[in-house]
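These notes are about the structure you will find just below.
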Amino acid sequence: MNNIKPVRVIAISSGKGGVGKTNLSVNIGIALSQLGQRVVLMDADMGLANVDILLGLYPQFNLSHVLSGEKTLNEIMIEGPAGLRVIPGASGIQKMSELTTIEQASVIHAFSEIDQDIDVLIVDTAAGISASVVNFSRACQEIILVVCDEPTSLTDAYAYIKLLNRDYGLSHFHVITNMVQSVQQGQLLFQKLSKVTDRYLDVTLKFAGAVPYDEYLRKSVQKQVPVVMGFPRSKAALALKSVAARINSWPVKTQAGGYIEFFIERMIQYGSQRDVA
């Protein structure tokens, strides 16, 4: 077991929808792949899965087929650009807390099958602070919160941090400011959020970077081509590559037996706890 390489597991979340979270997840995943990392992007939005749409992919199967036992994780995983692999989500998948023992075992086994062949697992959560978002976030090593310069974005981000801190003891968060006019504005936005969390919560926020508002980002969405590939010299692409380089420099937290199995086991554990509660 000691020979298993630890996997970096990152949740990318946002208190509020419409802040560009999934677009950032996709582009950061590809930028990390371009840095030589073996990256898997899991679409954990069980209601409105759209990673495949942003990438112009058309998956035949998704996580629901793994949970039903029809397919293995390797069979539903699809190849995206630059070697990025995608685990497609789907609408109407049972919540982790509702999985049977057999389904739990099959999911754990499915993830343990790939943990020798992966460096980074990015979990693109749904927006908001639903139970599934909270559980996914709690199970990951690192949490990246995406915010933009809107009062509701900051308010919802604070609510998300407060919930995870006060109810579950999480205290470390990374923040990406998105759709900003400049790096300076992004840093000011981060400071505005951290000033409030410093005052009322016992947490540490770290600035993971700022991504500027960029028309090329909108064009890339229309073309279903990630901006880091379609417009690699654009301001947004350069900023996203910088964020990926920063993430790549973070130390990988080790867990016995790798992290993928631990990730799923914690998901199941939290689901069971919630059932009891």
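The values are calculated or read from the model by the stated rules, or taken from the named source; none is laboratory data. Since we're looking at a predicted model, the values are computed, not measured. Please note: Cβ atoms are built from the backbone with ideal geometry, for glycine as well, and neighbour counts cover all protein chains shown.
When the stretch 211-243 is limited to residues that are of a type in the set (S, T, N, Q) and either crowded, with 20+ Cβ neighbours inside 10 Å or modelled with pLDDT of 95 or more (or both), the one that is nearest to Gln181 (Cα to Cα) turns out to be Ser234. Identify the residue in the stretch 244-253 that is surrounded by 14 or more Cβ atoms within 10 Å (Cβ to Cβ) and out of contact with any helix residue (DSSP H, G or I) (no Cβ under 9 Å at 6 or more places or on another chain) and, among all such residues, is nearest to Gly56 (Cα to Cα). Taking the candidates together, the pick is Arg246.
Kindly indicate whether any position in the stretch 195-206 is modelled with pLDDT of 95 or more, under 20 Å from Glu142 (Cα atoms) and hydroxyl-bearing (Ser, Thr, Tyr). Yes, the stretch 195-206 has at least one match.
For the stretch 128-169, a residue qualifies if it is hydroxyl-bearing (Ser, Thr, Tyr), surrounded by fewer than 17 Cβ atoms within 10 Å (Cβ to Cβ) and under 18 Å from the mean Cα position of the chain (by Cα), and exactly one does: Ser130.
Among the residues making up the stretch 15-52, those that are at pLDDT below 85 and either in contact with a strand residue (DSSP E or B) (Cβ under 9 Å, 6 or more places away or on another chain) or buried (at least 18 other Cβ atoms within 10 Å of the Cβ) (or both) are Gly15, Lys16, Ala44, Asp45, Met46, Ala49, Asn50. Given the conditions (1) more than 18 Å from Asp43 (Cβ to Cβ); (2) buried (at least 20 other Cβ atoms within 10 Å of the Cβ), report the number of the one that Gln191 does not fulfil. Only one criterion is unmet by Gln191, namely (2). For the stretch 58-84, the candidate set comprises residues that are touching a strand residue (DSSP E or B) at 6+ places or on another chain (Cβ under 6 Å) and in a loop (DSSP other than H, G, I, E, B); within that set, the residue that is surrounded by the fewest Cβ atoms within 10 Å (Cβ to Cβ) is Pro59.
If you go through the stretch 193-219 and keep only what is assigned to a helix (DSSP H, G or I) and either over 15 Å from Gly20 (Cα atoms) or touching a residue at least 24 places away in the same chain (Cβ under 8 Å) (or both), you end up with Leu193, Ser194, Lys195, Val196, Thr197, Asp198, Arg199, Tyr200, Leu217.
Pairs linking a residue in the stretch 159-180 that is without any contact (Cβ under 8 Å) to a residue 12 or more places away in the chain to a residue that is of a type outside the set (Asp, Glu) and assigned to a loop (DSSP other than H, G, I, E, B), with Cβ atoms under 6 Å and 6 or more positions apart or on different chains, do not occur.
All conditions but one from (1) closer than 25 Å to His172 by Cα; (2) of a type outside the set (D, E, K, R); (3) at pLDDT below 90 apply to Ile76; the one that does not is (1).
Is it true that some residue in the stretch 85-96 is part of a helix (DSSP H, G or I) and either closer than 16 Å to Val40 by Cβ or modelled with pLDDT of 60 or more (or both)? So that I can check it myself, show each step before the final result.
To start, the set of residues in the stretch 85-96 that are part of a helix (DSSP H, G or I) comprises 96.
Adding the requirement that they be either closer than 16 Å to Val40 by Cβ or modelled with pLDDT of 60 or more (or both) leaves none.
No, the stretch 85-96 contains no residue that is part of a helix (DSSP H, G or I) and either closer than 16 Å to Val40 by Cβ or modelled with pLDDT of 60 or more (or both).
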